[in-house]
Amino acid sequence: MPLLGNLLSLDPELHSYFAGLAHTYGPIFKLRLGAMTCVVINSPSSASEVLKDRDVTFANRDVPVAARIAFYGGADITWTPHGPEWRMLRKVAMLKMLGGPALDLVQSIRQNQVRKTIGYLYGRSGSPVNVAIKKIKKLNHPRGDYHLAHPR
């Protein structure tokens, strides 16, 4: 099954599965997930080296075909290789979209999302609540409602 790689042998508890593989193959190993070859780093010292000491070396990633089509050849902040252009895109994003004045424009929307989430949780007090990733993403990234703050 070369097309699926190791996908069929993955345990739903990925962290436990990778810990088991680390006992067999060591703290750094690679596996294929579909057509993508992935590197798993399973020790704190190795993770620190990759994520802190050599982060620029590992910062770039391949641009998927869908991103190339949708984002003008992958020319956006997510897919641009680390370097001067990426730093410029990051600065623009922080100043114009994710920082100070831009956040102030959507303050009421963010407060409304927090109120809705607290109301949802309060209404289910005393019973288990499955806080879905969608809810957390919506709370942290209210750009889905951003158009309400900017009438056209």
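The values are calculated or read from the model by the stated rules, or taken from the named source; none is laboratory data. Quantities reported herein were computed from a predicted structural model and do not represent experimental measurements. Heads up, the Cβs are rebuilt from the backbone with ideal geometry, glycines too, and the neighbour counts pull from every protein chain shown.
Here are the numbers for the structure shown:
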{"read-out": "Flag if residue 53 is under 20 Å from residue 90 (Cα atoms) and among the acidic types (Asp, Glu)", "value": "no"}
{"read-out": "Pairs with Cβ under 8 Å, 6+ apart, first in segment 95-108 and within 13 Å of residue 77 (Cβ to Cβ), second surrounded by 12 or more Cβ atoms within 10 Å (Cβ to Cβ)", "value": "96/102"}
{"read-out": "Contacts under 7 angstrom Cβ, first residue in segment 7-31 being assigned by TED's automatic domain parsing to the domain that holds residue 42, partner of a type in the set (S, T, N, Q) and not in a helix (DSSP H, G or I), 6 or more apart", "value": "18/42; 19/42; 22/42; 27/42; 27/43; 30/37; 31/6"}
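The rows are residues; the columns are (1) within 30 Å of residue 102 (Cβ to Cβ); (2) in contact with a His (Cβ under 6 Å, 6 or more places away or on another chain); (3) of a type in the set (Val, Ile, Thr); (4) at pLDDT 85 or above.
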{"position": "19", "(1), (2), (3), (4)": "no, no, no, yes"}
{"position": "22", "(1), (2), (3), (4)": "no, no, no, yes"}
{"position": "34", "(1), (2), (3), (4)": "no, no, no, no"}
{"position": "85", "(1), (2), (3), (4)": "yes, no, no, yes"}
